[in-house]
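The values are calculated or read from the model by the stated rules, or taken from the named source; none is laboratory data. Note that the structure is a prediction, hence the values are computed from the model and not measured. All Cβ positions, even for glycine, are placed from backbone atoms using ideal geometry, and neighbour counts span all protein chains on display.
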Amino acid sequence: MAGEPITATRPVDTDRLIYATITLMSVLIIYDGWQQLEFIQVVGVIVGPVLAMFLSHVFSASLALQVSLGRPLTMAERLAIARRESRFLFLCVPPLSLTAVLVLIGLSLNDAIRWALFLGTVSLGYWGGLAGRRAGLRGWRLARAVMGGLLIGLIILALQVILQPGTVAL
């Protein structure tokens, strides 16, 4: 069930990680003007959507629990939800870290963001492979599961070409 505490038997909400990865990739693709930004502003562009997802998860989980309990939540229950959902704030760490390292070695922000998008695509392939492996797939069937994740990432990257601000490729 979504929103359960992280345990050894349920280490992470994979569906939410995938959803958040795709959402963050979409924001990075659609944002225009990387060339005019300072690095701290790039941090805001990356952290902003992740923070919005965190707040929406806290809000929706709080309302869902309140409806299921039929009473207002206690402060302890609200804090427990916020703690549980706070792990999604870590989703901004990989793209921020990669972007920082690439900018430090001399790449432009635009190129660094492209590499972050590539990392997002690779992570979707990883999640497809993990799901396939846990489902007992082997060989070509496992490869297809990985390729499915990569395909979703490539479709999202294709949106970058189609939806470039100021152009219409349709």
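Screening Ser56 with (1) over 27 Å from Gly153 (Cα atoms); (2) at pLDDT 90 or above; (3) not aromatic (Phe, Trp, Tyr) gives one miss only, at (1). Does segment 104-126 contain at least one residue that is in a loop (DSSP other than H, G, I, E, B), farther than 29 Å from Ser60 by Cβ and among the small types (Gly, Ala, Ser)? Within segment 104-126 (the criterion being in a loop (DSSP other than H, G, I, E, B), farther than 29 Å from Ser60 by Cβ and among the small types (Gly, Ala, Ser)), the answer is yes, since at least one residue qualifies.
For segment 151-167, state whether one or more residues are modelled with pLDDT of 90 or more, in a loop (DSSP other than H, G, I, E, B), surrounded by fewer than 12 Cβ atoms within 10 Å (Cβ to Cβ) and not acidic (Asp, Glu). Checked segment 151-167: no residue is modelled with pLDDT of 90 or more, in a loop (DSSP other than H, G, I, E, B), surrounded by fewer than 12 Cβ atoms within 10 Å (Cβ to Cβ) and not acidic (Asp, Glu). Count of segment 31-81 residues, restricted to those that are in a helix (DSSP H, G or I), exposed (fewer than 15 other Cβ atoms within 10 Å of the Cβ), of a type in the set (Gly, Ala, Ser) and within 23 Å of the chain's Cα centre (by Cα), is 6. Taking first residues from segment 120-142 that are under 27 Å from Leu98 (Cβ atoms) and partners that are part of a helix (DSSP H, G or I) and of a type in the set (Val, Ile, Thr), the Cβ contacts under 6 Å between residues at least 6 apart in sequence or on separate chains come to Gly120/Thr21; Ser123/Thr21; Leu124/Ile152; Gly125/Val146; Trp127/Ile18; Gly128/Val146; Gly129/Val146. Among the residues of segment 95-121, which ones are surrounded by fewer than 13 Cβ atoms within 10 Å (Cβ to Cβ) and either at positive phi or among the hydrophobic types (A, V, I, L, M, F, W, C) (or both)? Within segment 95-121, Val101, Leu104, Ile105, Gly106 qualify.
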